[in-house]
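Quick notes on the structure that follows.
The values are calculated or read from the model by the stated rules, or taken from the named source; none is laboratory data. All of these numbers come straight from a predicted model, not from anything done at the bench. Here the Cβ positions follow ideal geometry from the backbone for every residue, glycine too, while neighbour counts run over all protein chains shown. Each accessible area value is taken on the protein alone, full model and side chains, heavy atoms only, with ligands, DNA and RNA left out. Shrake-Rupley method; radii C 1.70, N 1.55, O 1.52, S 1.80 Å.
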Amino acid sequence: MSEHQFSTTATGKEGFSPPRADTCYLCGLPIGAGETASGSLRRFCCPGCRQVFLILSASTGDLPPDFRTTELYRACVEAGIVPVPGNTPSPSAADVPAWGTDTPALEFVFKAGGMWCPACGWLIEEVLKKTSGVLDPHVSFFTDTVRVRYLPHRVTPSEIMSRVAKLGYPVSPPEGEIHRVRAKQDLLVRLGVAAILTMNAMMLSTALYFGFIRVLNPTTVAYFSYPLLVMTGPVVFYAGMPILRKAWAGIRYGSVSMDTLVAVSALAAFFYSVAQIARGSIHLYFDTAAMLVTIVLLGRYIEMHARERVVASVTAHLDEIGPQKVRLREGRGERWVSASAVRPGDSFVVRAGERLALDGVVKNGTGLLDQSVLTGEPRPVAKNSEGQVMAGSLLTEGELEVVASRPAEESTLRRMTDLVTHALDRRSRGEQLADRTSRLFVPAVLAVAGFTGIIMRISGASVDEILLRCLTILLISCPCTLGIAIPLVKVAMVGLGRKKGILIKNPDALDRITKLDTMVFDKTGTVTEGCFTLRHVISKDLSDDEALSMVAAIEAGSSHFLAGEIVRRARCLGIAIAKASDIEELGGLGITGTAGGKTVFAGNRRLLTRCGAGLPDYLDHQAREWEQAGMTVVFFGSDSVTKGFFVFGDREREGAKELVDRLRKRGLRLLLLSGDGEETTEAVARRLGISDFLGQRLPHEKAETIERLRLEGHVTGMVGDGINDAGAMAAADVAIAVGSGNDVMKEAADLIIPGGRPGAIIDAFALSALCARTTRQNLSFAFLYNLIAVPVAAAGLLNPLIAVIAMFMSSLTVIGNALRVSREPGSR
């Protein structure tokens, strides 16, 4: 199904005849080819029709018979949101009648190419903020993505894109990669023209600089002046047109940037030289104008290439490794289908050398999976029946038949891609500060140049001297160095983290990791593997089969991993699982329900108290012995009588003990939290070497523990598996989610470790230190360069040519430092 095709469940209605299956449910236009889904579907030709349908059907669940006469529908047609055959162009936003202040905003994402400096992104944002009907515009400089929320009755997507295009930025939908390539090719052509003509202009000017031509009569001056004018004109007004256009757009909208300084300098040098030709003077600065444009274009081509490399290091393979086709199993045969056509429960086959397109559970077969692109762990993982597998994994050996557990658009790989994109789009506090500083810097440089010119004029300096001095001041400054100092490092860190199996959801968290003095760990699934197996069934009144049958009935619909193990064991033994009703899952306690005419419960000691069930001394004594051995105990019973308990075994993650030792050497206080009993928690803490622990804690009590630590002045990190730890992770200064299997994306996390590798937490500390060090280096250089360069230029110790080269080299220094970081593993 194409990106402009949507579907939603149909409900049927009276008085309205729905269109054919291949036409839009709202407007009736064709929707083109798409995947056919099972069941009754409503399909739409565009997001606009879908959103309008959702609004119109909010009260009744379907379209009213007279929906085409409603004010909402007419306004959306006039604004171009709902396509209608023969529809006239949409009027301006001011002419579209408003139909309420509670209009739901739609989201629109597109690409804006040609952004050469972070200030470009800020300019686009400011212009869109002033556009009627546009809400919350956000521009990502590194991904060239513009994301806006807009009111469909006030402005259309085409009007939004047109507004940006008028600023000089080529726009396209996000899938329009051809536009990015064309933008780079256009820049390369302009750079080539500028370089060739500038070299010739410089050679011609060199003859004058070094006195090769001794006789300078009017004819000789003309021989040199007019060729320089002819060669410099295309450099400034063709090759430099993007710079001039953006500078003019910035001035129109009250924003100045690096383009402003370059445009003012190049035009001043060019037109002053034209005036000198009219006077018959040989004091020309055409070479300066041409060299300025050429070096700036060269710097921006290098910067564009560097950005592509850094961003590619982040998103490398995330989109490409997900195959678009799946070998679907149908009876005894197979056929290739689009991954989006596979539904949860369908079986597909993967053979050696192929990548998985979907998340799922192995139904048959064995094999070795390379999950390094997802988890950063290079060692292949063995998978067999009942094993969970992730989209993007490479099957290196064997053959697997997999049952899909998620649709393609919800796969681990797709969500990982979305997470990385979100991290790139998210501006850190440091970036925001750098942006504000660079925006103030340009007016300050213009003021310094103007003030210097006035002082020199009062002192009796010639116009030539004043022009040279002011041009040098404008050219030596480099606000783009400030603007890219932090963003390049941030993107490099996101890419480096992904290579090490760490997804950085919130780049600001990197600034806080090295400041942590307390680290809190959830137990199950974090420092332990969370792969519980049922070891024993302890009961005096019930056999193992009876106990499993009774408890599996209420656990069958639960998503808890212990419930899954109970149900799995019952099915493996061929035990019939009865139907249950009145199921109630109690977070941090357990589960209750009705099965076989009895009220059945399963959970911890707190659940027994809640259900009014006593715990016989002999059961309590045996349970504590198992808990002291590090096992997890789940009590069960019926009708307020405790019948026995299950014993589950788990083991510590490989590398967890080493992680604890290394964090302790860093001086961190360590605390283990768990919903398990105190004895089990203590046993695990003792084996890992953690002295502080708290067991039998409910989710809200975990969050309260984190809040208490923060109130005591501790900078606290929380490591959890995201199941019952969301509250605690949200309360922590830094939240690290350790994912296993398909449980990768955690809403409350700042950092995510999909493979669950404990050593990745140490890598996160190393990344934080590397990020802080590199950011300090870039900012220190940027500020030091401008702090020294501008006064030196104002003192007249430089000429424009040297100033241009210095400005160019300053940008390359920052870019090179970020590229260096993107290749470093980071020391531990």
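Only Lys, Arg, Asp and Glu carry charge here, each on its Cβ (+1 for the first two, -1 for the last two); on that basis the stretch 546-681 has a dipole of about 460 debye about its Cα centre. Full-extension gain between LEU267 and ARG335, please, as 0.36 nm times their residue separation minus the C-alpha to C-alpha distance. Here the answer is 18.0 nm. Take the Cα of ALA444, step 7 Å toward its Cβ, do the same at ARG686, and the gap between the two points is 6.2 nm. For HIS536 and LEU711, a Förster radius of 45 Å and the Cβ-Cβ distance give a FRET efficiency of 0.60, rounded to the nearest 0.05.
The phi torsions of the stretch 569-586, fed into the Karplus equation with coefficients 6.51, -1.76 and 1.60 and a -60° offset, translate into couplings of 5, 4, 5, 4, 8, x, 7, 5, 9, 6, 6, 10, 9, 6, 6, 9, 8, 10 Hz, rounded to whole numbers, with Gly and Pro shown as x.
Taken along the Cα-to-beta-carbon direction at a fixed 7 Å, the label points for THR396 and ARG776 span 3.9 nm. Overall, the accessible surface of the stretch 512-569 at a probe of 1.4 angstrom is composed of carbon and sulfur to the extent of 47 percent.
Beyond 27 Å in Cα-Cα separation lie the following of the pairs LYS111/LYS490; LYS383/LYS579; LYS383/LYS665; LYS499/LYS702; LYS363/LYS540: LYS383/LYS579; LYS383/LYS665; LYS499/LYS702; LYS363/LYS540.
How would ASP144, ASP346 rank on accessible area, largest to smallest, probe 1.4 Å? Mind dumping the intermediate values first?
Details: ASP144 25, ASP346 50 Å².
Solvent-accessible surface, decreasing: ASP346, ASP144.
Restricting the stretch 546-621 to trypsin sites (Lys or Arg not before Pro) that sit in a DSSP loop and have at most 16 other Cβ atoms within 10 Å of their own Cβ leaves LYS579. With the highest mean first, a sort of the peptides 646-658, 355-367, 488-500 on other beta-carbon atoms found within 10 angstrom per residue produces 488-500, 355-367, 646-658. Rounded to the nearest Hz, the phi-derived 3J(HN,Hα) couplings of the stretch 455-470 under the Karplus curve 6.51 cos²θ - 1.76 cosθ + 1.60 (θ = phi - 60°) are 4, 5, 5, 5, 6, x, 5, 6, 5, 4, 5, 4, 4, 4, 5, 5, where x marks glycine and proline. A cut-off of 5 Å between modelled amide H atoms, ignoring neighbours fewer than 5 places along the same chain, links THR642 with GLY614.
Mind checking the alpha-carbon convex hull of the stretch 596-645 and giving the volume per residue in Å³?
Details: hull volume 3.1 nm³, N = 50.
Convex hull volume per residue, Cα atoms: 62 Å³.
Taking 0.36 nm per residue of separation and subtracting the Cα-Cα distance, what length does fully extending VAL403 through THR514 add? Spell out each step's value before the answer.
Details: separation 111, 0.36 × 111 = 39.96 nm, distance 4.24 nm.
Additional length available on full extension: 35.7 nm.
Based on the Cβ-Cβ distance from HIS560 to PHE67, what FRET efficiency comes out when R0 is 35 Å, to the nearest 0.05? Provide the component values of the computation, followed by the final result.
On the way: r = 45 Å, r/R0 = 1.28.
For HIS560 and PHE67, the calculated efficiency is 0.20.
Ordered from largest to smallest accessible area (heavy atoms of protein chains, 1.4 Å probe), the residues TRP626, TRP248 come out as TRP248, TRP626.
Extension gain, ALA278-TYR238: 0.36 nm per intervening residue step, less the Cα-Cα distance, totals 12.1 nm. For ASP676, the residues whose amide H sits under 5 Å from its own are GLN696, ARG697, ignoring neighbours fewer than 5 places away on the same chain, with H placed 1.01 Å from N.
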